[in-house]
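This report concerns only the one structure given below.
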Amino acid sequence: MRVLVTGGAGFIGSAVCRQLVLGHRASVINIDKLTYASNLRSLDPVASHPGYSFQRLDICDRQGLDRVFASYQPDAVIHLAAESHVDRSIIGPSDFITTNVLGTYTLLEAAREYFSSLKGARRANFRLVHVSTDEVYGSLGQMGHFTEDTPYRPSSPYSASKAASDHLAHAWHTTYGLPVVVSNCSNNYGPYQFPEKLIPLMILNAIEERPLPVYGTGANIRDWLYVGDHAEGLIRLLTHGRPGESYNFGGNSERSNLDVVNCISEIYDDIASPPVPTRSLITFVQDRPGHDLRYAIDAGKASRELGWKPSRTFEEGLRATVEWYVDNGPWWASLRSGVYDGKRLGLLSV
């Protein structure tokens, strides 16, 4: 299988590329704009593999996309290219609208033209997997779970842009017959994640003995999914996903933000034995605007139709993640010094 992956130098995208090439023996072409959160070093395990190739390309570049489709002739597309950090969307929504909405539209149109040229089994088997987030559903109360039928109620510019892209993807299936499958996932974590997100930020701050900033009281709850498990679910959609359908992927691991930070502190202290207990570095800071209280995913459909389920517990995945960051300073050190130093993002000026 030849798979075109958009955003393959990002956190989830690089995991998908590595798993496709090394675990499934697929041929992958990765296209990525290489924004601040992209890192080609995350592809080092497959960079010299004959089944992997890379082109620097913005998904808003229609001519570039047409060129890639024509030359590579993919059997499937996994669309991950997106601006994804809520805090950054609060202070700079324009990039999110451009990439997540206009970029997805441009990709869908390029894929539609390419799909129209396919015949026989190649046409019947072609899939475009559009990867989204559970944040499109808005905030849950203390009870219940998001399902594929939950109405959309996005709260942030980021989630609104992803909701728009989801609607475009479904519309291109309904109107044009493009075999699109939409996925919505809970919060991912694991190795190679850019350190603006909660878990890597807390780990690196612990390593550097810096404050561990927790928004509000730390009561906001998320469902956590190990990135390798998510990547496997997306790959299964290529062969088992039904066009026009949505599939939710969750880790069945609800934790409050404060619980996550406490768990990281315990694991790091066990691994590194720092001079000061890491939990003493926890600092409560002003909450971000529009911070959804709780997300929780019902992944029953993915289990029933794809035979998918997470392969590890949250505690197992988190320990592996902390160990990876402790052991891989060369991967993140230049990011901390030259791209993002850990400062607070997403606060509105008064």
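Computed from the coordinates by the stated procedures, all read-outs in this text should not be read as laboratory data. What you see is a predicted model; the values in this text were computed from it and never measured. Backbone-built Cβ (ideal geometry, glycine too); neighbour counts: all protein chains shown.
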Completion exercise
For region 12-79, the charge dipole (Cβ of Lys, Arg +1; Cβ of Asp, Glu -1; about the Cα centre) points to a positive end, and the Cα of Ser27, Ser42, Cys60 closest to that extreme belongs to Ser42
Handout entry: Inter-label distance for Lys309 and Ser337, nm, one decimal - labels placed 7 Å from Cα along Cα-to-Cβ
Key = 4.6
Handout entry: ³J(HN,Hα), Karplus 6.51/-1.76/1.60, whole Hz, each residue of region 8-24, x for Gly, Pro
Key = x, 9, x, 4, 6, x, 5, 5, 4, 4, 4, 6, 4, 6, 8, x, 10
Completion exercise
For Met202, Met143, Met1, ascending order of other Cβ atoms within 10 Å (fewest first) is Met143, Met1, Met202
Handout entry: Fully extended contour minus Cα-Cα distance, from Thr217 to Met1, at 0.36 nm per residue
Key = 73.0 nm
Completion exercise
Counting only residues 5 or more apart in sequence or on a different chain, those whose built amide H sits under 5 Å from that of Asn184 are Ser132, Tyr247, Asn248, Phe249
Completion exercise
Extension length gain for Leu347 and Asp66 (0.36 nm per residue less Cα distance), in nm, is 97.2 nm
Exercise for the section: Using just the alpha carbons, could you tell me how many Å³ per residue the convex hull of region 57-149 encloses? Expected result: 116
Completion exercise
Mean Cβ-within-10 Å packing, highest first, puts peptides 281-289, 64-72, 245-253, 97-105 in the order 245-253, 97-105, 64-72, 281-289
Fill in the blank from the handout: Taking R0 as 56 Å and r as the Cβ-Cβ distance between Lys119 and Glu323, the FRET efficiency 1/(1 + (r/R0)^6), rounded to the nearest 0.05, comes to 0.70
Fill in the blank from the handout: Log entry: pair-distance distribution for the chain, C-alpha pairs binned every 20 Å from zero, whole % per bin is 31, 60, 9, 0
Handout entry: Rel. contact order, % - alpha carbon contacts under 8 angstrom, at least six apart, region 251-350
Key = 35
Fill in the blank from the handout: Listing Leu22, Leu198 by rising number of other beta-carbon atoms within 10 angstrom, fewest first, gives Leu22, Leu198
Practice task
Rounded to whole Hz and in sequence order, give me ³J(HN,Hα) for region 310-319 from the Karplus expression 6.51 cos²θ - 1.76 cosθ + 1.60, θ = phi - 60°, writing x for Gly and Pro.
Solution key: x, 9, 9, 6, 4, 5, 5, x, 5, 4
Problem - Charge dipole magnitude, Cβ of K and R +1, D and E -1 - region 246-327, Cα centre, debye nearest 20 - result: 300
Practice task
Putting +1 on Lys and Arg Cβ atoms and -1 on Asp and Glu Cβ atoms, find which of Ile235, Thr175, Ile12 reaches farthest to the positive end of the dipole of the chain.
Solution key: Thr175
Handout entry: CD proxy at 222 nm, helix term only [per DSSP H run n ≥ 4: -39500 (n - 2.57); per residue of the chain; nearest 500]
Key = -12000 deg cm²/dmol
Handout entry: J(HN,Hα) series, region 156-165, from Karplus relation 6.51 cos²θ - 1.76 cosθ + 1.60, nearest Hz, glycine and proline x
Key = 10, x, 4, 5, 5, 5, 6, 4, 4, 5
Fill in the blank from the handout: Put in order of increasing Cβ neighbours within 10 Å, starting from the fewest, Tyr295, Tyr152 give Tyr152, Tyr295
Exercise for the section: Find the relative contact order for region 142-216 and round it to a whole percent, using C-alpha pairs within less than 8 Å whose residues are 6+ positions apart. Expected result: 12
Handout entry: Segment Thr239-Thr174, extension gain: residue separation times 0.36 nm, minus the distance between their alpha carbons
Key = 21.4 nm
